[in-house]
Amino acid sequence: MTSIRCETLVVTSECDPIVPVSHGEKASSLIGNSTHLTLSEVGHLTLLEDSETFATSIGDFLR
């Protein structure tokens, strides 16, 4: 991951039973130009559980 140079958004979810937030924090720390976003009140299927927040977050990152 340390070789990734492009701007990267790492998204985790507070209620994800599969991928803990700490994994996203670690990934983000290894990617030089990254932003870590933790969404609340959603689980592993963030896109299905709260598509509006997910899409807004991606859009904000891309602007």
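Per-structure values
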item	result
Selection count where residues are among the hydroxyl-bearing types (Ser, Thr, Tyr) and more than 9 Å from the chain's Cα centre (by Cα), scope the stretch 9-27	1
Residue 30 vs. criteria under 21 Å from residue 1 (Cβ atoms), touching a Phe, Trp or Tyr at 6+ places or on another chain (Cβ under 8 Å) and in contact (Cβ under 8 Å) with a residue 12 or more places away in the chain	no
Qualifying residue in the stretch 26-42 (condition: assigned to a loop (DSSP other than H, G, I, E, B), surrounded by fewer than 16 Cβ atoms within 10 Å (Cβ to Cβ) and modelled with pLDDT of 95 or more)	no
Pairs where the first residue, in the stretch 1-13, is part of a loop (DSSP other than H, G, I, E, B) and the second is among the charged types (D, E, K, R) and modelled with pLDDT of 90 or more, C-beta under 6 Å, 6+ apart	none
Scope the stretch 7-25; condition touching a strand residue (DSSP E or B) at 6+ places or on another chain (Cβ under 8 Å) and surrounded by 15 or more Cβ atoms within 10 Å (Cβ to Cβ); matching residues	8, 9, 10, 11, 12, 13, 21, 24
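The values are calculated or read from the model by the stated rules, or taken from the named source; none is laboratory data. Nothing here was measured: the structure is a model prediction, and the numbers come from that model. Note that we place each Cβ from the backbone using ideal geometry, even for glycine, and neighbour counts take in every protein chain shown.
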